[in-house]
Amino acid sequence: MAGSQERPVIEVRPLSDVGEFREVVRLQREIWGFSEVDALPVRLFVVCRKIGGQVFGAFDGGRMIGFCVSLPALHHGASGGIYLHSNMLGVTDGYRNAGVGRILKLAQRDDALGRGIPEIEWTFDPLEIKNAYFNMERLGAVVRRYVLNFYGVTSSALHGGLPTDRCICEWHLDSPRVRAILEGQPAPRPAVLARVEVPEGIDALRKEDPRAAREIQARVSAQFQEHLRNGLAVTGVERTGSAGVYLFTQWES
């Protein structure tokens, strides 16, 4: 079509070279504005690759435009069980909303399943509705845990000086729910028993009115903790244009 612009062909592959790891450190500073103390260092990526973790890079031609890193982990308690903790995923400006994040997550899933690892977990900011929608509705993850100020207050301007309250995302890689969603099929969802609404545009509010942003965060935090204590889980997210709504249901693995 005249005037149309084709999307670039993105290649995703494992990273192993120290030079590539240095580029990942640079991307962290570019994407999040991290200071040196908050950026994951090269040596962590070296160790990650050697102990069974994942470090993937996304490339447009020879240029790295995104990455993700996961560490091997062990569930606490008698049940135990190995999983991967996806510590960080970032995509540089100009390539967001182009499906790069999903490509990286699918590479993580394929690698994990190929090694017999059934689950990947990661954290996300519940105020970031777009990210939440991606996690729940595009990947099929669920949330059953919520942690206050998980990383402490960081140097990133994107965090706006707020506590880093985080949802713990569980991605059960070969569950019927995940398979259905990744295949584009509707996934069955139990009756919605509670809802938590978060306004869109929280990034601007963090900059323009940090106190109001903190009030919203405190409300959302209290509501999440109450519903999760009552045994519910987040299994979906609706977007209305002005807000996002978390859907809490019963959930069994």
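The values are calculated or read from the model by the stated rules, or taken from the named source; none is laboratory data. Values in this document were obtained by computation on a predicted structure and should not be read as measured data. Reconstructed Cβ throughout: ideal geometry from the backbone, glycine too, with neighbour counts over all protein chains shown.
Condition (residue is at pLDDT below 95 and either in a loop (DSSP other than H, G, I, E, B) or not hydrophobic (A, V, I, L, M, F, W, C) (or both)) applied to segment 68-76: is it met by at least one residue?
Checked segment 68-76: at least one residue is at pLDDT below 95 and either in a loop (DSSP other than H, G, I, E, B) or not hydrophobic (A, V, I, L, M, F, W, C) (or both).
When you go through (1) in a helix (DSSP H, G or I); (2) in contact with an Asp or Glu (Cβ under 8 Å, 6 or more places away or on another chain); (3) among the polar types (S, T, N, Q) one by one for Gln108, which number turns out not to apply?
For Gln108, the failing item is (2).
Restricting to segment 77-92, and then to whatever is in contact with a Pro (Cβ under 9 Å, 6 or more places away or on another chain) and assigned to a strand (DSSP E or B), can you tell me which residue is surrounded by the fewest Cβ atoms within 10 Å (Cβ to Cβ)?
In this case the residue turns out to be Ile82.
Can you tell me how many residues within segment 237-253 are surrounded by fewer than 18 Cβ atoms within 10 Å (Cβ to Cβ) and either closer than 23 Å to Val178 by Cα or touching a Lys or Arg at 6+ places or on another chain (Cβ under 9 Å) (or both)?
The qualifying residues number 8.
Among the candidates Gln185, Gln223, single out the residue that is more than 24 Å from Tyr83 (Cα to Cα) and modelled with pLDDT under 95.
Exactly one of Gln185, Gln223 is more than 24 Å from Tyr83 (Cα to Cα) and modelled with pLDDT under 95, namely Gln185.
Looking only at segment 112-170, how many residues end up being on the phi > 0 side of the Ramachandran plot, modelled with pLDDT of 95 or more and surrounded by fewer than 16 Cβ atoms within 10 Å (Cβ to Cβ)? Walk me through how you get there before you give the answer.
Going residue by residue through segment 112-170, those that are on the phi > 0 side of the Ramachandran plot are 116, 140, 149, 152, 160-161.
Keeping just the survivors that are modelled with pLDDT of 95 or more gives 116, 140.
Now narrow it down to the ones that are surrounded by fewer than 16 Cβ atoms within 10 Å (Cβ to Cβ): 116.
Looking only at that region, the number is 1.
Over 17 Å from the mean Cα position of the chain (by Cα), at pLDDT 95 or above and in a loop (DSSP other than H, G, I, E, B) - does that describe any residue in segment 44-52?
Yes, segment 44-52 contains at least one residue that is over 17 Å from the mean Cα position of the chain (by Cα), at pLDDT 95 or above and in a loop (DSSP other than H, G, I, E, B).
Could you run through segment 24-55 and say how many residues are among the acidic types (Asp, Glu) and either within 11 Å of Val69 (Cβ to Cβ) or surrounded by fewer than 16 Cβ atoms within 10 Å (Cβ to Cβ) (or both)?
2
Just to check your reading of the model, which residue among Val192, Val143 is in contact (Cβ under 8 Å) with a residue 12 or more places away in the chain, in a loop (DSSP other than H, G, I, E, B) and not charged (D, E, K, R)?
The unique qualifying residue is Val192.
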